[in-house]
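Read through the structure below, which is laid out as structure tokens, and then see the notes.
The values are calculated or read from the model by the stated rules, or taken from the named source; none is laboratory data. Keep in mind it's a predicted model, so treat the numbers as computed, not measured. Because the Cβ atoms are built from the backbone with ideal geometry, glycine has one as well, and the counts that use them run over all protein chains shown.
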Amino acid sequence: MIPFKEITLADKEIIQSYTFISHRRNCDLSFSNLYSWRFLYHTEYAELGGFLLFRFYADGELAYMMPVGNGDLKTVLGMMIEDARNEGQPFRMLGVCTSMKEDIEEVMPGQFEFSADRDYFDYIYLRSDLATLKGKKYQPKRNHINRFKNTYSDYEYKELTSELVPDCLKLEAEWCKTNNCAEDTALQAERRSMTAALAHFEELGLRGGVLYVSGNIVAFTFGMPINHETFDVCVEKANTDIEGAYTMINNEFALHIPEQYIYVNREEDLGLEGLRKAKLSYYPEILLEKCMARLK
């Protein structure tokens, strides 16, 4: 029996002792995401045989993540399969990337079927690209920023602190009215996750930025590292009445992310056409394929 338990703030150090030294860049491993979305996915974790394991519920069905760590992968996968059987559920893993598929096939050849879902691919960028916006392909972004600076010359960028969280919640409330959150369960869940993260801003170790125009908040963003070289942007919100606010907060935050983070993961597009177009317009360095691996 695998000793799974609920994720709490006190588990951050244990979980990050595995994820920070891993080469995995998928946003599912951001501790902020693991913690703030646990109300929806009922995520649990366990340590077993040199690996960190996660199990959770997605669309009402039990699922697992690929083990993080080093050890006897075949034995640990066998124990996870048995765990699912004990729960009366078929065994499946979500968020399985290409390199992970190879690892699975090496130890359990031909025993899994893999299916990719484009809606859940991660968009991963070079931090330097987002910060400098150099080159012809980023000319439209530079134009947006120049127009913003010319139009709103009194703008101010501040590092997000717990004292500025109320301003962020104020903008989020206005954003929700504009986007009819009350009628959209996905947006309601996103709001609940965001609020949970901001409520524990310091304990989670989040970094963020806030953009003001004439003393009023017009955009904010925050995130945290996934591993030693990849930073995850969990949330980005802006007042769409302020042209260029999204472009500006994106650029300013990239400029303020420590240079040790080579990559910035801006997460999935969830199949939303406008979001996909926006994320592609920043030319990701990696479009990280994520699959479901289901035991045959």
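Would you confirm whether any residue within the stretch 147-163 is among the basic types (K, R), in contact (Cβ under 8 Å) with a residue 12 or more places away in the chain, more than 20 Å from V235 (Cβ to Cβ) and surrounded by 13 or more Cβ atoms within 10 Å (Cβ to Cβ)? Yes, because at least one residue in the stretch 147-163 is among the basic types (K, R), in contact (Cβ under 8 Å) with a residue 12 or more places away in the chain, more than 20 Å from V235 (Cβ to Cβ) and surrounded by 13 or more Cβ atoms within 10 Å (Cβ to Cβ).
In the set D122, D129, which member is crowded, with 18+ Cβ neighbours inside 10 Å, closer than 17 Å to F253 by Cα and modelled with pLDDT of 95 or more? Working first, answer last.
Values: D122 fails: closer than 17 Å to F253 by Cα.
Selected residue: D129, the only one of D122, D129 that is crowded, with 18+ Cβ neighbours inside 10 Å, closer than 17 Å to F253 by Cα and modelled with pLDDT of 95 or more.
For the stretch 29-44, the criterion of being touching a strand residue (DSSP E or B) at 6+ places or on another chain (Cβ under 6 Å), modelled with pLDDT of 95 or more and assigned to a strand (DSSP E or B) is satisfied by at least one residue. Where helices (runs of 4 or more DSSP H) fall entirely within the stretch 197-292, those with at least 1 residues that are in contact (Cβ under 8 Å) with a residue 12 or more places away in the chain and closer than 19 Å to R147 by Cα are at 245-256, 273-280.
When G71 is tested against (1) on the phi < 0 side of the Ramachandran plot; (2) without any contact (Cβ under 8 Å) to a residue 60 or more places away in the chain, exactly one condition is not met: (1). Can you find a residue in the stretch 74-93 that is closer than 25 Å to F4 by Cα, in a strand (DSSP E or B) and in contact (Cβ under 8 Å) with a residue 60 or more places away in the chain? Looking through the stretch 74-93, at least one residue is closer than 25 Å to F4 by Cα, in a strand (DSSP E or B) and in contact (Cβ under 8 Å) with a residue 60 or more places away in the chain. Restricting attention to the stretch 249-296, the residues that are more than 28 Å from M65 (Cα to Cα) and of a type in the set (F, W, Y) add up to 2.
Does the stretch 22-46 hold any residues that are over 25 Å from F231 (Cβ atoms) and either in contact (Cβ under 8 Å) with a residue 40 or more places away in the chain or touching a helix residue (DSSP H, G or I) at 6+ places or on another chain (Cβ under 7 Å) (or both), and which are they? First the steps, then the outcome.
Just the residues of the stretch 22-46 that are over 25 Å from F231 (Cβ atoms), to begin with: 42, 44, 46.
Across the stretch 22-46, the qualifying residues are E44, A46.
A single entry from G110, G95, G88 fulfils the requirement of being in contact with a helix residue (DSSP H, G or I) (Cβ under 9 Å, 6 or more places away or on another chain) and modelled with pLDDT of 95 or more: G95.
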